[in-house]
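K.L.:
Let me give you the structure first, and then I'll get to my questions.
The values are calculated or read from the model by the stated rules, or taken from the named source; none is laboratory data. All values derive from a computational prediction rather than experimental measurement. Every residue, glycine as well, gets a Cβ built from its backbone with ideal geometry; the counts of neighbours run over all protein chains shown.
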Amino acid sequence: MGVTFADLLRQGAARLFEDGLDNARGDAKLLLLAAAGFSGSDFILREHDMVSDDVRASYEAMITRRAEREPVSKILGVVEFFGRTFRTDSRALAPRQDSERLVEAALEASAGQSAGRVIDLGTGSGCLLLSFLQERPAWQGLGVDISPDALSLARENADHMSLQDRVRFLEGSWAVAQDQLAEIDLVISNPPYIPTGDLDGLDPEVRRHDPALALDGGSDGLNAYRDLLILLSERLRSGVPVLFEIGFDQAELLKSLAEGHGFAEFTVRKDFSGHNRVVGMVQQ
Ligand code: GLN
């Protein structure tokens, strides 16, 4: 016997609700629209139509992935960030809305400088770097990541946004970019900053579906900053702004580490929940 779109929505929502998801019906609806290729208004017109076996199978596979706590964005393969659509999947950390504050800070730090070179250390999906380059059409970008998977996703995003001629990607640990740093006018970075002991307490959406490499900041969460501050203080020209995303309680710790490496002119920006999220500083 056939089922209708409305039946499938009810069944999927019930399954996600039983599995403890907060937004079971909303998630089920987004997945059903994607499986059917519908817009919201198509759904209203067609909710009592019968569903084809193909659409049903693909919807049920998506519901199973959501029940395993994969975020809707990664199931759909796309997410909106800074007003643009990025591909997202298991290859890199999912773009977070809170990280949009880092792009805003970078735009502010580069205001009045029509052309320049920006480096993104730990570029992941490329969402920070590519958003910045979209807003600053005369700038060139360099994205560094140790993960070849992340870089393959970042390259797809760059191609999709027609930015491939203004961005280069380098695979390796932080120091792979050391020879380029003297030419750089702005540094942005959202490195791994979760203390290792806190990883188990993260939401399953993050713990199971974001790469641990993008999250694990060592025993106190600050390992990446320590390495980056040494490298940057040795190689950057003076006056170059550096902007880091941080964990909600890391602003003071990072400031005092950075002071020890000769950085000054600190600024702190909050995220949409009111937590400190971005620390800016300038190489002296
Ligand atoms: N903000 C991310 C989270 O809360 C962590 C990102 C990172 O470690 N850079 O899961």
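K.L.:
What about R117, is it surrounded by fewer than 24 Cβ atoms within 10 Å (Cβ to Cβ), among the basic types (K, R) and within 27 Å of L33 (Cβ to Cβ)?
P.N.:
Judged against the criteria, R117 is not a match.
K.L.:
Checking the conditions here, which among F81, F5, F38 is in contact with a Pro (Cβ under 7 Å, 6 or more places away or on another chain) and either exposed (fewer than 15 other Cβ atoms within 10 Å of the Cβ) or not β-branched (V, I, T) (or both)?
P.N.:
Residue meeting the stated conditions: F81.
K.L.:
For the range 272-282: of the residues being surrounded by fewer than 19 Cβ atoms within 10 Å (Cβ to Cβ) and touching a strand residue (DSSP E or B) at 6+ places or on another chain (Cβ under 7 Å), which is farthest from Y193 (Cα to Cα)?
P.N.:
Taking the candidates together, the pick is V282.
K.L.:
R168 versus (1) outside any strand (DSSP E or B); (2) within 21 Å of the chain's Cα centre (by Cα); (3) without any contact (Cβ under 8 Å) to a residue 60 or more places away in the chain; (4) under 18 Å from L151 (Cβ atoms): which is the lone unmet condition?
P.N.:
Failed condition: (1).
K.L.:
Any idea which of E135, E104, E108 is surrounded by fewer than 20 Cβ atoms within 10 Å (Cβ to Cβ), in contact (Cβ under 8 Å) with a residue 60 or more places away in the chain and on the phi < 0 side of the Ramachandran plot?
P.N.:
E104
K.L.:
Working carefully through the options F244, F272, F266, find the one that is in contact with a helix residue (DSSP H, G or I) (Cβ under 7 Å, 6 or more places away or on another chain), at pLDDT below 95 and at negative phi.
P.N.:
F272
K.L.:
Can you tell me which residues in the range 208-230 are more than 9 Å from the ligand (Cβ to nearest atom), out of contact with any strand residue (DSSP E or B) (no Cβ under 9 Å at 6 or more places or on another chain) and of a type outside the set (A, V, I, L, M)?
P.N.:
Across the range 208-230, the qualifying residues are R208, H209, P211, G218, S219, D220, R226, D227.
K.L.:
If you take just the strands (runs of 3 or more DSSP E) that sit entirely in the range 211-284, which of them hold at least 1 residues that are of a type outside the set (S, T, N, Q) and without any contact (Cβ under 8 Å) to a residue 24 or more places away in the chain?
P.N.:
Here the list reads 263-270.
K.L.:
Scan the range 176-207 residue by residue and report those that are in a loop (DSSP other than H, G, I, E, B), within 14 Å of the ligand (Cβ to nearest atom) and surrounded by 16 or more Cβ atoms within 10 Å (Cβ to Cβ).
P.N.:
Of everything in the range 176-207, those that are in a loop (DSSP other than H, G, I, E, B), within 14 Å of the ligand (Cβ to nearest atom) and surrounded by 16 or more Cβ atoms within 10 Å (Cβ to Cβ) turn out to be N190, P191, P192, Y193, P195.
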